[in-house]
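Undergrad: Below you'll find the structure I mean.
The values are calculated or read from the model by the stated rules, or taken from the named source; none is laboratory data. Quick caveat, the model's predicted, so the values are computed rather than measured. No Cβ is skipped: glycine too gets one built from the backbone with ideal geometry, and neighbour counts run over all protein chains shown. Surface accessibility is based on the protein's heavy atoms, side chains included, excluding ligands, DNA and RNA. Shrake-Rupley method; radii C 1.70, N 1.55, O 1.52, S 1.80 Å.
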Amino acid sequence: MAKDYKKNLEIYDQLVALCPNIERKGKTMPYTSANGYMFSLFNKAAEIGIRFSKEDQEKFIEEHNTTI
């Protein structure tokens, strides 16, 4: 497990808490979902993953000069 796991998990939980209509799920791999679709997760490498819509993904890539 990554050394910053607990610290990063706290950050993930704080982010999820900012959205009162969203519930954190999962015990061993925390995630959030809506309408049966997972849109964020926190993996064992202490990385936060977020799924964007295609339009938001393209906007993010352009604004931050990055790739998938």
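Undergrad: Can you give the accessible area of E47, probe radius 1.4 Å, in Å² rounded to 10?
TA: Its accessible surface works out to 100 Å², give or take rounding.
Undergrad: Give a residue-ordered list of calculated ³J(HN,Hα) values for the range 15-25 (Karplus: 6.51 cos²θ - 1.76 cosθ + 1.60, θ = phi - 60°; whole Hz; x for Gly, Pro).
TA: So the Karplus estimates, Gly and Pro as x, are 5, 5, 5, 5, 10, x, 8, 9, 10, 6, 10 Hz.
Undergrad: Counting helices only, and only those DSSP H runs with n ≥ 4, report the 222 nm mean residue ellipticity of the chain as the sum of -39,500 (n - 2.57) divided by its residues, in deg cm²/dmol to the nearest 500.
TA: -10500 deg cm²/dmol
Undergrad: From the phi of every residue in the range 43-48, what ³J(HN,Hα) in whole Hz does the Karplus formula 6.51 cos²θ - 1.76 cosθ + 1.60 yield, where θ is phi - 60° and glycine or proline is x?
TA: Taking θ as phi minus 60°, the curve returns 9, 5, 8, 6, 9, 9 Hz for the range 43-48.
Undergrad: Please list, in chain and number order, the residues 5+ apart from S33 or on another chain whose amide H is under 5 Å from its amide H, with Hs placed from the backbone.
TA: E23, F39
Undergrad: Here is a further query. Tally Lys/Arg at +1 and Asp/Glu at -1 over every other residue whose Cβ is under 13 Å from the Cβ of A45; what's the total?
TA: Net charge around A45: 0.
Undergrad: Between Q14 and E55, what FRET efficiency follows from the Cβ-Cβ distance if R0 is 35 Å, with the result rounded to 0.05?
TA: 0.85
Undergrad: On to the next question. Under the rule a/c < 1.5 gives rounded, and otherwise a/b versus b/c splits prolate from oblate, where does the chain land using the Cα gyration tensor?
TA: Oblate shape, in that a/c is at least 1.5 and b/c is the bigger or equal ratio.
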